[in-house]
Amino acid sequence: MKASVPRAQIHERSKAWWTTELITKSKAMKVSQRQLKQSLSPESFAEYKSRRNIYFHSIRKSKTEMWNKYVEDLEGSEIYKVLKRVHTSRTQQTPTIVYKGRTVTSFKDKAQLFRTAMFPLLPVFRSPSPTVHKPAILWVDVTDKEIRDAIFTSAPNKAAGPGNLFFRCLCFVYDCIPI
């Protein structure tokens, strides 16, 4: 295997923060991961989780130490390269906005324009004129017997209307209410 798979060669773009300590912690994490797959017990999960957290914490620590060493070794104006790398401008200014012939450039004006464009004033409601009369609906009187017949002759497992209230429930309620 060693003849067909070449060993990693260290060069200037290699991970300088990678250490032999990380290799041993990586192997320990993978061993506990394999044990977890075999036994699936809470103890093996806790062991795997502990080793995984130690491994990733070690990576973070190694990278931080390497960065601090890099910054400490800088001389003269090289420090400005670090500042340029660290303090990148992440926010961009919104461009000038033109809406209905109005051009705005300041943040306050843009915010006000967005508010008026996205949330316009609600239209004013005007009640219909009182001259239009609709004919009144004539309600027919319904007797208790008609209501009882309508409820008890319907299928008990069916529901009438969007409330999904079964007729069996209506029958029970009807029997409980004194008339």
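Of everything listed in (1) at pLDDT 80 or above; (2) in a loop (DSSP other than H, G, I, E, B); (3) in contact with a helix residue (DSSP H, G or I) (Cβ under 7 Å, 6 or more places away or on another chain), the single unmet condition for Pro123 is (3). When the criteria are applied in full, Thr94 fails the requirement of being surrounded by 10 or more Cβ atoms within 10 Å (Cβ to Cβ), in a helix (DSSP H, G or I), hydroxyl-bearing (Ser, Thr, Tyr) and free of Cβ contacts under 8 Å to residues at least 40 places away in the same chain.
Residues that are closer than 28 Å to Val86 by Cβ, buried (at least 16 other Cβ atoms within 10 Å of the Cβ) and of a type outside the set (Ser, Thr, Tyr) within the range 26-64 comprise just one, Ile59.
The values are calculated or read from the model by the stated rules, or taken from the named source; none is laboratory data. Everything numeric in this text was worked out from a predicted model, so none of it was measured. We place every Cβ from the backbone using ideal geometry, glycine too, and count neighbours over all the protein chains shown.
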